[in-house]
Structures are given as C-alpha cells and as structure tokens.
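Values in this text are rule-based calculations from the coordinates and carry no lab data. None of these values were measured; they are calculated from a predicted model. In this analysis, Cβ positions are derived from the backbone assuming ideal geometry, glycine residues included, and neighbour counts consider all displayed protein chains.
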Amino acid sequence: YERAGYAEGLEAGRKLGAAEGRELGIEHGFDIGKDLGFYRGWAQEWLRAASAHPDIVPARALKKLQAIIDAVNDVPTINDENANYEARAKSIQLKFKTVSAMLGVSISTELPSNSLSY
C-alpha cells in the first residue's frame, strides 16, 4: 500500500504542478502581451500624428517610435524558452520612456481600478 500510495501521490502532484504552471504561464503571458500591445499602439498613434503634423515629432523620435514597433513585432508569439520575454519587454519599456521624454509626454501605463465599465 505504501508504494501504491506514493505512486498515486506523485502522479497527483505532477498533474497539480502542471495545472498551476499552465495557469501561471497564461497569466504572465497575458501581462506581457498587454504591455507590448500598449507600447505598439502608442508608437503607432504617435507615428500617425506625426504624418498628419510633421512639425510635432522630431526626426530622432520618429526613428525611436519605429524601433518600438519593430521590437514588439520581433517578440515571438509562440512559447520559446530562448526568447527571454521579460528582457525584451524591459528593453521596449526603456525605449518607450526615452521617446516619452523626447516628446515631452508624461504618461502612466496603469489604469485606475474603476476605469473599466464592465
């Protein structure tokens, strides 16, 4: 009985660990994807504004905005152990902060908890 109980416990632990790992991965992946989507959308909107009003965005900032979009597009969308998603996201965040300063824009990436209507 002891051996059978050990084997059953080991298998139950593996299943529980896999389920917890999957849940954590989904949550972490969602957070990174949400941030990357924000940065890409923000950069795209600034590029759109710059095309309509070329005098509001310096040429150097235009290059940095495109670099943000390119960096986001280069992030793999499949699970790749060698992709280092956190380092890529941090690098993109630093580009975002640099361009924000160049544009003289102060922005918070945090939404107030009551900002969503649903």
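Ignoring everything except DSSP H segments at least 4 long, calculate the 222 nm mean residue ellipticity for the chain; use -39,500 (n - 2.57) per segment, divide by total residues, nearest 500. Kindly include the intermediate steps, with their values, before the conclusion.
Details: 3 runs with 85 residues, N = 118.
After summing the helix terms and dividing by residue count, I get -26000 deg cm²/dmol.
Convert 20 °C to kelvin, take the viscosity as 1.002 mPa s, use the Kirkwood radius over C-alpha pairs of the chain as Rh, and evaluate the Stokes-Einstein diffusion coefficient in µm²/s, rounded to a whole number. Walk me through the numbers on the way to the answer.
Values: Rh = 17.3 Å.
My calculation gives 124 µm²/s for D.
Output the DSSP H helices from the chain with an along-axis C-alpha extent of no less than 20 Å and a mean Kyte-Doolittle hydropathy no less than -0.5.
Details: long enough: 2-52 (74 Å, -0.55); 59-73 (21 Å, 0.35); 85-103 (27 Å, -0.02).
Qualifying helices: 59-73, 85-103.
Which percent of Cα-Cα pairs in region 34-78 sits in each 10 Å bin, short to long?
Result returned by the calculation: 29, 50, 18, 3.
GNM, the chain, Cα, under 10 Å: largest mean-square fluctuation among 92, 68, 56?
Maximum among the listed residues: 56.
How many nm separate the modelled label positions at residue 97 and residue 84, each set 7 Å beyond the Cα in the direction of the Cβ?
1.8
What number of lysine-lysine pairs in the chain show an alpha-carbon separation below 30 angstrom, given a sequence spacing of 8 or more or placement on distinct chains?
Close lysine pairs found across the chain: 12.
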